[in-house]
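One structure is given here, and the rest of the page talks about it.
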Amino acid sequence: MKPVIEIKDLDVFYGNVKALSGINLTIDEKEFLCIAGPNGGGKSTLLKVILGLVMPSYGTVKVFGKTPEEVRNTVGYVPQFSKFDKGFPISVADVVLMGCLSSRKELFHRYSRQEREKVENIMNELGIHDLKHRQIGQLSGGQLQRVLIARALAVDPKIMLLDEPTASVDADSKEQIYKILNRLNDKMTIIIVTHDIEAVSPYIKSIAYLNVELYYHGEARPDSNAINKFCGYPVGFVAHASPYHVLNRHQEG
Amino acid sequence: MFEALLKYSFLQNALIGSILASIACGIIGTLIVEKKLVMMSGGIAHTSFGGVGMGYFLNIEPIIGALIFAVTAAAGISVINKKSRTNTDVLVGMFWSVGMAMGILFISFTPGYPPDMASYLFGDILTVSHLDLIIMLILDIAVMIVITALYDHFKAYLFDEEFASVVKIRTAILEYLLYIMIAFTIVVLIRVVGIVLVIALLTVPPAIAKFITYDLKKIILSSVILGMLFCIAGLWISYELHIASGASIILVAGLTYVVLSAVKGKLENRIILPLRKQL
Ligand SMILES: Nc1ncnc2c1ncn2[C@@H]1O[C@H](COP(=O)(O)OP(=O)(O)OP(=O)(O)O)[C@@H](O)[C@H]1O
Ligand SMILES: [Mg+2]
């Protein structure tokens with residue numbers, strides 16, 4: 001398997017705050033990786049570094065062998081917190097269409113018919129087709145989340161980065177979203193940040209525990225009880241408790 | 001007024017000026033409202049007062065001086081904000097007052113009788129010259145070309161800058177373009193409503209347009225039309241009652257907004273909803 005993302009000796013500082021330290025992580029093609037860890041563990045930061053939205057303070061990040069900026073339009077991103085104004089005059093369909101924008105044709109750009117059809121299909125798949133004429137502020141939290149996933153899919157990404165995409169979604173929809181991701185996984189690499197490891201564990205192929213340092217990266221073990229322990233506890237505790245993890249961590253580096 | 005309009009070329013100029021100004025005003029007004037750049041636009045407008053003063057001091061057309069200052073302020077605020085991490089708000093405040101101070105300094109150094117600044121501060125559309133109209137036309141065309149050429153990109157940038165950069169849109173360039181267009185538009189509007197009053201003319205039409213539609217393109221178009229109505233109505237009042245055009249235009253706009261928002265609830269079902277469907 002080819003590595004799609006290679007992270008070497010990565011440190012990230014926000015001013016004096018150390019968000020990530022000594023991260024070595026290689027992610028293979030068609031991986032379905034779950035990133036877990038406590039609040040402030042640097043999960044969102046790691047995704048932003050892969051997107052080129054946050055610069056490494058030290059170390060390198062390569063996506064498809066290139067810098068993150070160069071390959072941005074092959075990556076779909078669902079942010080944890082959307083910074084946009086909910087009152088902005090834009091419809092759901094137009095938000096999803098945004099995913100089709102890339103700087104290839106800039107002047108007098110208009111969305112093509114294929115792009116519009118693609119977006120229709122994606123909206124159907126995510127069950128938001130009925131909402132397509134709604135203004136973006138007139139959605140529930142879970143509906144908005146699906147719209148953002150749809151927008152990321154409209155990019156035709158080779159890698160999907162999802163930052164807690166199911167945080168405000170009901171149990172049924174969660175299942176549905178994970179199933180969709182599972183299906184998409186045939187075509188693309190998926191990295192998902194979530195605290196909801198139990199629900200996602202049937203679908204993922206590997207898991208990473210992040211608390212400033214990367215404590216574990218490897219197979220997602222079916223034993224979800226053990227996995228559950230990680231969340232909320234300092235991850236270091238678990239790493240010490242289980243030599244298996246420590247071993248894996250060394251292999252990774 | 002119609003007879004007078006045929007007779008006096010200054011009235012014809014004023015009417016053409018109102019229409020030209022409303023085009024840039026409707027487009028850029030919508031963008032600054034959606035991107036929350038209203039205060040920055042106020043800052044750019046006031047900074048351009050320095051340029052008016054410089055124009056008088058160097059004996060060049062004051063509006064050219066205003067254009068130079070407005071563009072410098074727009075670019076300056078954007079560049080300094082990126083480099084120094086000083087809050088945009090703070091920078092706007094500084095440019096705002098320093099620009100005004102420079103204007104006053106230039107005018108005190110200008111030899112001879114001090115020029116009348118009131119028409120730049122409060123606008124006087126009845127004194128719009130041929131040169132002003134030509135400048136307005138050129139700036140209008142520039143703004144329209146940029147917006148149509150980059151409409152989808154601007155919409156994405158206005159809505160969600162982070163995602164726009166994730167899909168490789170060069171947001172920095174769009175930002176500079178937008179800031180420079182704001183500067184252009186403000187200069188166009190200075191002749192009509194003046195430095196002090198410009199903000200209301202930029203913000204009231206989109207605010208009203210948002211009563212009836214959620215579509216960015218329609219908000220822009222309605223704002224252009226509303227701007228024209230306000231300017232022409234204000235011009236007419238100003239001519240008939242002999243009051244300053246800037247004040248009458250802004251009062252018409254402000255009053256319209258107040259009345260509409262007061263009756264909005266009552267009209268919602270009968271007029272606005274059917275209208276929204278038609279649009
Ligand atoms: N823009 C920022 N400026 C300064 N510090 C930041 C910034 N963003 C994050 N941090 C800090 O970096 C660290 C990692 O933050 P990050 O958002 O990556 O955590 P996270 O794992 O995503 O947490 P959560 O589970 O709460 O989403 C935290 O200590 C946070 O305070
Ligand atoms: Mg986070």
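The values are calculated or read from the model by the stated rules, or taken from the named source; none is laboratory data. Just so it is clear, the model here is predicted, and its values are computed rather than measured. Note: ideal-geometry Cβ built from the backbone for every residue, glycine included; neighbour counts use all protein chains shown. The protein model used for the area step is the full one, side chains on, heavy atoms only, and it has no ligands, DNA or RNA in it. Shrake-Rupley method; radii C 1.70, N 1.55, O 1.52, S 1.80 Å.
Comparing B:81, B:59, B:13 in a Gaussian network model of chain B, where Cα atoms under 10 Å apart are tied by springs, the biggest mean-square fluctuation is seen for B:59.
Note on residue B:16: accessible area is roughly 80 Å² with a 1.4 Å probe, heavy atoms of protein only. Computed on the range A:43-123, with alpha-carbon pairs under 8 angstrom and 6+ residues apart, the relative contact order is 19 percent.
Comparing Cα centroids, the range A:134-204 and the range B:212-227 end up 34 angstrom apart. Comparing mean-square fluctuations of B:24, B:101, B:262 from a GNM of chain B with C-alpha springs under 10 Å, the top value falls on B:262.
Figure note: B:86, B:185, B:148 ranked by solvent-accessible area, largest first, 1.4 Å probe, ligands and nucleic acids not counted: B:148, B:86, B:185.
Okay, helix-only estimate at 222 nm for chain B: each DSSP H run of n ≥ 4 adds -39500 (n - 2.57), divide by all residues, round to 500 deg cm²/dmol; what do you get? Write down the numbers at each step before the final one.
Working: 14 runs with 231 residues, N = 279.
Value at 222 nm, helices only: -27500 deg cm²/dmol.
Label-to-label distance for residue A:55 and residue A:167 is 2.7 nm, based on points extended 7 Å past Cα in the beta-carbon direction.
Leaving out ligands, DNA and RNA, calculate the buried accessible area for the pair A and B with a 1.4 Å probe, summed over both sides, in Å² to the nearest 100.
2900
Computed about its Cα centre, the charge dipole of the range B:46-167 is approximately 400 debye, with only Lys, Arg, Asp and Glu carrying charge at their Cβ.
How many percent of DSSP beta bridges within the protein assembly as shown run antiparallel, rounded to 5? The partial results should precede the final answer.
On the way: 21 of 38 bridges.
Among the beta bridges of the protein assembly as shown, antiparallel pairing accounts for roughly 55 percent.
Backbone amide hydrogens, once placed in the peptide plane, bring residue A:193 within less than 5 Å of A:35, A:162, A:163, A:164, excluding anything fewer than 5 places away on its chain. Please label the shape of the range B:35-150 as rounded, prolate or oblate, based on the square roots a ≥ b ≥ c of the eigenvalues of the alpha-carbon gyration tensor (a/c under 1.5 means rounded; beyond that, a/b larger than b/c means prolate, else oblate). The shape class here is oblate. By a 1.4 Å probe calculation restricted to protein chains, residue B:217 has an accessible surface near 110 Å², given to the nearest 10. Pairs of Cα atoms nearer than 8 Å and 6+ residues apart set the relative contact order; for chain B it is 29 percent. Amide H contacts of residue A:13 (H built 1.01 Å from N, in plane; Pro and chain starts excluded): A:19, A:57 sit under 5 Å, all sequence-distant by 5 or more or on other chains. Measuring nothing but protein heavy atoms, the accessible surface of the range A:132-197 at 1.4 Å probe radius is 43 percent carbon and sulfur. For the range B:2-278, a Kirkwood radius taken over Cα pairs fed into Stokes-Einstein (37 °C, viscosity 0.692 mPa s) yields D = 170 µm²/s. The residue B:89 and residue B:3 beta-carbon pair, evaluated with R₀ = 45 Å, returns a calculated FRET efficiency of approximately 0.35. Rounded to whole numbers, the Karplus 3J(HN,Hα) couplings from phi for the range A:163-168 are 9, 6, x, 10, 4, 10 Hz, using 6.51 cos²θ - 1.76 cosθ + 1.60 with θ = phi - 60°, and x at Gly and Pro.
Of the DSSP H helices in chain B, those that are both long (alpha-carbon extent of 18 Å or more along the helix axis) and hydrophobic (Kyte-Doolittle mean at least -1.0) are B:9-34, B:38-58, B:62-84, B:88-109, B:130-149, B:171-193, B:198-212, B:216-241, B:245-267.
Relative contact order, whole percent, for the range B:56-179 stands at 26, derived from Cα pairs under 8 Å and 6 or more residues apart. For the options B:196, B:167, B:204, a Gaussian network treatment of chain B with springs between C-alpha atoms closer than 10 Å singles out B:167 as fluctuating the most. Reported to the nearest whole Å, the Cα centre-to-centre distance from the range B:104-161 to the range A:29-71 is 44. Using only the Cα atoms of chain A, what semi-axes does the equivalent ellipsoid have when each is the square root of 5 times a gyration tensor eigenvalue? Give whole Å, largest first. Calculated on Cα positions only, the semi-axes equal 31, 21, 17 Å.
In order along the range A:110-120, the phi-based Karplus estimate (6.51 cos²θ - 1.76 cosθ + 1.60, θ = phi - 60°) of 3J(HN,Hα) comes to 9, 5, 7, 5, 4, 5, 5, 5, 4, 5, 4 Hz; Gly and Pro are listed as x. Surface listing: A:130, B:132 arranged by accessible area from highest to lowest gives A:130, B:132, probe 1.4 Å. Projecting label points 7 angstrom from Cα along Cα→Cβ for residue B:217 and residue A:24 puts them 5.4 nm apart. When the alpha carbon gyration tensor of the protein assembly as shown is reduced to an equivalent ellipsoid, the three semi-axes, largest first, read 53, 27, 18 Å. Of the listed residues A:134, B:170, the order by accessible area with a 1.4 Å probe, largest first, is B:170, A:134. Close Lys pairs in the range B:2-278 (alpha-carbon distance under 18 Å; sequence gap of 8 or more, or different chains): 21.
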